[in-house]
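**Q** Submitted below is the structure of interest, expressed as structure tokens.
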Amino acid sequence: MSARSIQAAKRLCEERGLIFTTLRRQVYTLIAASEKPVGAYDLLEQLKAVRARPAPVTVYRALDFLLEAGLIHRIDALQAYAACEIESAAHEHNHGGIVLVCSECKRLTEFEDAALEALIAARAARHGFAVAHRLIEIRGTCEHCPVPV
Ligand SMILES: [Zn+2]
Ligand SMILES: [Zn+2]
């Protein structure tokens, strides 16, 4: 994981006129510090260490904010959240990332591929399809884990 630093995340929010509240910072910090994507329930549990009785609805709102701001991604394969690893401040929340999801250790590797992006855009356009979300999740086994037999 090479998530943005908290300072970089704060700067990114400021550049877009967004407010990085204490809760948003706390939620982002927990996600960015985690080696694996974190589920909402685990986040709530971990937040209890830094906040008295965090309300689930406010935590979900903070997650929505972080998703919109492009700081985190929701990884559908794991039903969990991970910090975006692409250090470009220019990308939006629906930037065309590709995540390799290890089924064994749950660790992620995120990268971008302009050629693949262009191909998806062209194919979608051919079908008159407007792409809204395009984080591609690929499941498999990372270099540190044994390939299951
Ligand atoms: Zn990303
Ligand atoms: Zn692995």
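The values are calculated or read from the model by the stated rules, or taken from the named source; none is laboratory data. These figures come from a predicted structure and were not determined experimentally. So basically every Cβ, Gly included, is an ideal-geometry build from the backbone, and we count neighbours across all protein chains shown.
**Q** Quick one: count up the residues across the stretch 133-149 that are of a type in the set (D, E, K, R), part of a loop (DSSP other than H, G, I, E, B) and within 16 Å of ligand 1 (Cβ to nearest atom).
**A** Residues that pass the stated criteria total 1.
**Q** Checking the conditions here, which among Arg134, Arg126 is of a type in the set (Lys, Arg), within 23 Å of Pro37 (Cβ to Cβ) and free of Cβ contacts under 8 Å to residues at least 60 places away in the same chain?
**A** Step by step, each of Arg134, Arg126 is checked, and only Arg134 is of a type in the set (Lys, Arg), within 23 Å of Pro37 (Cβ to Cβ) and free of Cβ contacts under 8 Å to residues at least 60 places away in the same chain.
**Q** Looking for something more than 14 Å from ligand 1 (Cβ to nearest atom), in a strand (DSSP E or B) and within 19 Å of Ala77 (Cβ to Cβ) - is there at least one such residue anywhere in the stretch 115-122?
**A** No, the stretch 115-122 contains no residue that is more than 14 Å from ligand 1 (Cβ to nearest atom), in a strand (DSSP E or B) and within 19 Å of Ala77 (Cβ to Cβ).
**Q** Determine whether the stretch 41-56 contains at least one residue that is exposed (fewer than 13 other Cβ atoms within 10 Å of the Cβ) and closer than 20 Å to Val99 by Cβ.
**A** Checking the stretch 41-56: not a single residue is exposed (fewer than 13 other Cβ atoms within 10 Å of the Cβ) and closer than 20 Å to Val99 by Cβ.
**Q** Could you go through the stretch 55-64 and let me know if any residue there is touching a strand residue (DSSP E or B) at 6+ places or on another chain (Cβ under 7 Å) and acidic (Asp, Glu).
**A** No, the stretch 55-64 contains no residue that is touching a strand residue (DSSP E or B) at 6+ places or on another chain (Cβ under 7 Å) and acidic (Asp, Glu).
**Q** So which of Ala32, Ala69, Ala83 ends up being modelled with pLDDT under 90 and within 13 Å of ligand 1 (Cβ to nearest atom)?
**A** Ala69 is the lone residue from the list that is modelled with pLDDT under 90 and within 13 Å of ligand 1 (Cβ to nearest atom).
**Q** Can you say whether Glu110 is among the acidic types (Asp, Glu), within 15 Å of Lys36 (Cα to Cα) and within 16 Å of ligand 1 (Cβ to nearest atom), as far as the supplied structure shows?
**A** It is true that Glu110 is among the acidic types (Asp, Glu), within 15 Å of Lys36 (Cα to Cα) and within 16 Å of ligand 1 (Cβ to nearest atom).
**Q** Among the residues of the stretch 99-117, write down those that are within 14 Å of ligand 2 (Cβ to nearest atom) and closer than 21 Å to His133 by Cα.
**A** Result: Val99, Leu100, Val101, Leu108, Thr109.
**Q** Condition first: out of contact with any helix residue (DSSP H, G or I) (no Cβ under 6 Å at 6 or more places or on another chain), among the basic types (Lys, Arg) and over 19 Å from Glu137 (Cα atoms). Can you find one or more residues in the stretch 55-78 that meet it?
**A** yes
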